[in-house]
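A short worksheet on the structure shown next.
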Amino acid sequence: MKETAIISNDPKPHILPQVGGAVREMSACQAILDALDNKPSVMKVYSNGQLMEKSNSFLPLPHEDDVAYQHRLRSIYECRTFLIYISGIDDRFAPEQFDWLRGCASRFRPKCKHYDLELFFGWYQATPGGVHSEACFNAHQVILGAKAMLLWRPDSLIPSSDEIMRIDEEIYIKSQVITPPDWRLHASRGDTFIWPERYWHVGESPAMSAAINLAVYP
């Protein structure tokens, strides 16, 4: 059963259900190409859990639809799991979603220094890298398909220094032994995950999904 919450100012992890026309129809292929047109600062492609150095061959072809794109990735490149992550996207990429996410963020975090707009697309048992946290509030809207988010309070997981790995502003837990999550939230197209900074989390998307994330830094 999908877990949802009444819209409130509760800062704990929860889901805001779709409101009005917050999500425009878009294919995954078009979302990726539109994001890249906005000259993002970072693009990473993971196939079968490995970061791909030559990523251009994994991008959608012009006029390729989602079904053909997924078939090509699975059959030609044998992508059992797959993720394209794009960050530093210009806010003109998806203005309706950006306005909605910015409204969510301002409700919970009225003051912020800067934000980062990100796109996640793919299918995977867990976000590559696994359970991690960062110093930002997140509003994460599903725009295609469905996915789950597993979350832990900051003090629910206290790994030792040799059990963590730091990448930029993110902290990853290297240990494979993780206690059950404090929250397991399920969202479908139009729903928005909300969680505070420093909460441990990992996404699950067994089937193809896409989501836009607004990371808000205090």
For this session: Could you please state, rounded to a whole Å, how far the C-alpha centre of region 111-180 is from the C-alpha centre of region 46-88?
Result: 21 Å
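Sorted from largest to smallest, which semi-axis lengths in Å does the alpha carbon gyration tensor of region 91-218 give for its equivalent ellipsoid, taking the root of 5 times each eigenvalue?
Working: eigenvalues 111, 65, 31 Å².
In descending order the semi-axes read 24, 18, 12 Å.
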For this session: Let me have the 222 nm mean residue ellipticity of the chain computed from DSSP H runs of 4+ only, each contributing -39500 (n - 2.57), with the sum over all residues rounded to the nearest 500.
Result: -5000 deg cm²/dmol
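Full-extension gain between residue 108 and residue 177, please, as 0.36 nm times their residue separation minus the C-alpha to C-alpha distance. Can you show the working numbers first?
Values: separation 69, 0.36 × 69 = 24.84 nm, distance 3.20 nm.
So the extension gain works out to 21.6 nm.
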For this session: Identify which of 27, 41, 188 has the largest mean-square fluctuation in a Gaussian network model of the chain, with springs joining Cα atoms closer than 10 Å.
Result: 41
Exercise. Stretched out fully, how many nm does the piece from residue 167 to residue 125 gain, at 0.36 nm a residue minus the Cα gap?
Worked result: 13.0 nm
Exercise. Just how many % of Cα pairs in the chain lie over 31 Å apart, if you round to the nearest whole percent?
Worked result: 16 percent
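For residue 37, what is the net charge nearby, where nearby means another residue's Cβ is under 14 Å from its Cβ and Lys, Arg count +1, Asp, Glu -1? Present the calculation step by step, with values, prior to reporting the outcome.
Numbers: positive: 39, 92; negative: 34, 90, 91.
Here the count lands on -1.
Given a 1.4 Å probe, how much area per residue of region 66-218 is accessible, in Å²? Could the numbers behind the result be given before it?
Numbers: 6770 Å² over 153 residues.
With the other protein chains kept in place, region 66-218 gives 44 Å² per residue.
Ignoring ligands, DNA and RNA, please state the percent of accessible area on region 144-184 from carbon and sulfur, probe 1.4 Å.
Details: 1360 of 2620 Å².
Answer for region 144-184 is 52 percent, counting heavy atoms of protein chains only.
The values are calculated or read from the model by the stated rules, or taken from the named source; none is laboratory data. Model, not experiment: these values are computed from the prediction. Note that each Cβ is placed from the backbone with ideal geometry, even for glycine, and that neighbours are counted across all protein chains shown. Just the protein is used for accessible areas: all its heavy atoms, side chains included, with ligands, DNA and RNA removed. Shrake-Rupley method; radii C 1.70, N 1.55, O 1.52, S 1.80 Å.
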